[in-house]
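Since the structure comes first, as structure tokens, the remarks are kept for the end.
Rule-based calculations on the coordinates, nothing more; no lab input. All values derive from a computational prediction rather than experimental measurement. With ideal geometry, Cβ positions are generated from the backbone for all residues, glycine too; neighbour counts draw on all protein chains shown.
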Amino acid sequence: MIDMTPTKYLVLKIDGDYAILRRLEDEQAEPISVARALLPEAIREGSRLLREFLEYTLLD
């Protein structure tokens, strides 16, 4: 089952075609790698994102 709960992320690092994200609500959570093609074009390291309904939007 796919989790549809809105989740906030911090962009820790941009590494080529991928971005490394960490959940903002859980400092202990393992970072995840997400293809940049799925993320807003304007992201930068330190950007905050909201994932909702399998779509990422920029919070900043």
When every residue in segment 1-25 that is in contact (Cβ under 8 Å) with a residue 40 or more places away in the chain, surrounded by 13 or more Cβ atoms within 10 Å (Cβ to Cβ) and not charged (D, E, K, R) is compared, the one farthest from LEU58 (Cα to Cα) is THR7
Is there a residue being of a type in the set (A, V, I, L, M, F, W, C), exposed (fewer than 12 other Cβ atoms within 10 Å of the Cβ) and part of a loop (DSSP other than H, G, I, E, B) anywhere in segment 26-37? no
Scan of segment 1-58 for residues that are under 9 Å from the mean Cα position of the chain (by Cα) and of a type in the set (Gly, Ala, Ser), ordered by number: ALA19, SER33, SER47
Can you find a residue that is hydrophobic (A, V, I, L, M, F, W, C), exposed (fewer than 13 other Cβ atoms within 10 Å of the Cβ) and part of a loop (DSSP other than H, G, I, E, B) anywhere in segment 46-54? yes
